[in-house]
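Notes follow once the structure below has been shown.
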Amino acid sequence: MSNLHQHRWRRSLSILLILLLWGVAGCQPLQARDSNGIQHLTLWHGVNPPANRDVLDDLVAQFNQSHDQIELEALYVGQGDQQIPKILTAVLGQSPPDLLWYAPMLTGQLVELDAIRPLDDWYAQTKLLDDLDPSLYEAIALEDHLWSVPFGVNNVGIFYRPSLFAEAGIADLPRTWDELRRVAQQLTDRDAHPPRHGILLPLGKGEWTVFMWLSFLWSAAGDLLDHGQIHLVTPEAIAALHLWQDLVADGSALLSQPERGYELTDFLAGKVAMQLTGPWTLRELRSTGVDFAVMSIPMDQQPATAIGGENLFIFRTQPEREQAALQVAEFLVSEAAQTQWAIGTGYLPVNLRSRQSESYQAVVQDQPALQIFLDQAEQGRSRPIFANYNRLSDQLGRAIEAVVLQSKSPEEALSQAQQRLDRILGTSPHER
């Protein structure tokens, strides 16, 4: 038995044993149509904040009104990590939801469990790929099949305070890593009230930190995989970590509270002049009245950004239920639904026709920052969707944290992360 198959067998057995302890046997089998001939479907999601859930609930209501034989119920089941035990329990208990809204990095695990339906035939029939942003293909394709439907998409940029740039005498935005480092130093003023740093960097080993840092790895023309194998110790990864380490060593980077790099408190208070985040923060920032603008990620070898967001997965249930769930997916990625979702939440539309629609373009004109995210989407990349991404992210996050805390060099941190992954996954250097 190969190392890969041994790992998959051990992983599936471990999951099964854990779930038996959670009482999977009590799950009920899936039901078909009710006595009135209506197909009842469930969509599990972690849409947050609550205002965004209201937008989704409104779309669900519209779907139900226009489909008299299908009744869709959207259920909030917690944030990402909270959902995993529920999802796995439902899958192995043969009582999954019909649809799941989740980050695409879960794809590999769901495919490994044979939990979701491949969508190649549906995409061929609907021609929806013609309407979707081509940069999203990387997040739906695995092992020669298409597994999910992009629903909400965003990417990473740098928000900045124009007033603080003007105060520091900075007229031109940084376009390269060297310029970013120099501008961050110019913006740093420890005698200001409150003291100011040039940029906020996320502290922590969680997915947020990894997501923010990947834009810099890809800008250095680096990658996480080499011929399908995890390969972290590369000149590009070392260079990207050195940049963050240098920003801290210069005294121009303020580290966030642990695992809270998404909070805007220091940016709004003027304690930092720049912060890595995405278009999902636009509504909050506009409501504060604080001046802000957005720039693309300064580049090393090439323009780059990390693409985030959530996809829709169709679980294996019964053919009739799966076909009904696909009708839901087709509705939610339509031009009208995506326009409504994007305007209401700050996500970018996944549907290209929606991006060009008159109503969405009016929003872009009113919020010029959106155009930055739309433009750089062409250079965006998605995180890998293979089954071991969570292990990769965990070890990479630990390496990034060690570097920004100045406790390890980039070379040392990445080497230790690779060694731990090799032990966990049963790989060896010659296999990489």
Query - Å³ per residue enclosed by the Cα convex hull of region 225-327 - result: 214 Å³
Query raised in the report: A221's amide H: which non-local residues (gap 5+, or another chain) put their own amide H closer than 5 Å, with H modeled 1.01 Å from N in plane and none for Pro or chain starts?
Result: Q301, Q302
**Report entry** Theoretical ellipticity at 222 nm over the chain - DSSP helices of four or more residues, -39500 (n - 2.57) apiece, nearest 500
**Finding:** -13500 deg cm²/dmol
Report task. Work out, in µm²/s and without decimals, the Stokes-Einstein translational diffusion coefficient of the chain at 10 °C, 1.306 mPa s, Rh from Kirkwood over C-alpha pairs. Result -> 69 µm²/s
Requested in this report: Quick one: what are the phi-derived ³J(HN,Hα) couplings along region 345-359, Karplus 6.51/-1.76/1.60 with θ = phi - 60°, whole Hz, x for glycine and proline?
Outcome: 10, x, 4, 7, x, 7, 8, 5, 5, 5, 4, 8, 5, 4, 5
**Report entry** Heavy atoms of H231: accessible area, 1.4 Å probe, square angstrom to 10
**Finding:** 50 Å²
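Provide the gained length on full extension for the span A362 to L129, in nm with one decimal, where the gain is 0.36 nm per separating residue minus the Cα-Cα distance.
Extra length available between A362 and L129 comes to 81.4 nm.
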Query raised in the report: By how many degrees, between 0 and 90 and to the nearest 10, does the Cα long axis of helix 3-21 differ from the longest principal axis of the chain?
Result: 70 degrees
**Report entry** Percent of beta bridges antiparallel (DSSP, the chain, rounded to nearest 5)
**Finding:** 55 percent
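Of the peptides 158-168, 259-269, 379-389, how do they stack up when ordered by the mean number of other Cβ atoms within 10 Å, highest first? Walk me through the numbers before you get to the answer.
Details: 158-168: 18.0, 259-269: 16.3, 379-389: 21.0.
By packing density, highest mean first, the sequence is 379-389, 158-168, 259-269.
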Query raised in the report: Once Rh is set to the Kirkwood radius over Cα pairs, what Stokes-Einstein translational diffusion coefficient, in µm²/s, holds for region 51-209 at a temperature of 4 °C and a viscosity of 1.567 mPa s?
Result: 64 µm²/s
Report task. Rounded to whole Å and sorted largest first, list the principal axis extents of the Cα atoms in region 288-408. Result -> 55, 42, 31
**Report entry** Rounded to whole Hz, the Karplus (6.51, -1.76, 1.60) HN-Hα couplings of region 90-104, x for glycine and proline
**Finding:** 5, 5, 6, x, 6, 9, x, x, 7, 9, 10, 9, 7, 4, x
Report summary line: In order over region 36-43: 3J(HN,Hα) from phi, Karplus 6.51/-1.76/1.60, θ = phi - 60°, whole Hz, x for each Gly or Pro, gives 8, x, 9, 8, 9, 10, 10, 10
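Do you know the relative contact order of the chain, to the nearest whole percent, from alpha carbon pairs under 8 angstrom that are 6+ apart? Mind dumping the intermediate values first?
Numbers: 725 pairs, mean separation 104.8, N = 432.
Once normalised by length, the contact order is 24 percent.
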Report task. Please give the helix 207-219 orientation as an angle from the longest Cα principal axis of the chain, in degrees from 0 to 90, rounded to the nearest 10. Result -> 70 degrees
Report task. Could you list the GluC sites (Glu not before Pro) in region 77-163 that lie in coil according to DSSP, counting only those with at most 13 other Cβ atoms within 10 Å of their Cβ? Result -> E143
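The values are calculated or read from the model by the stated rules, or taken from the named source; none is laboratory data. What you see is a predicted model, and the numbers here were worked out from it, not measured in a lab. Note: ideal-geometry Cβ built from the backbone for every residue, glycine included; neighbour counts use all protein chains shown. The area values use the complete protein model at the heavy-atom level, side chains included, leaving out ligands, DNA and RNA. Shrake-Rupley method; radii C 1.70, N 1.55, O 1.52, S 1.80 Å.
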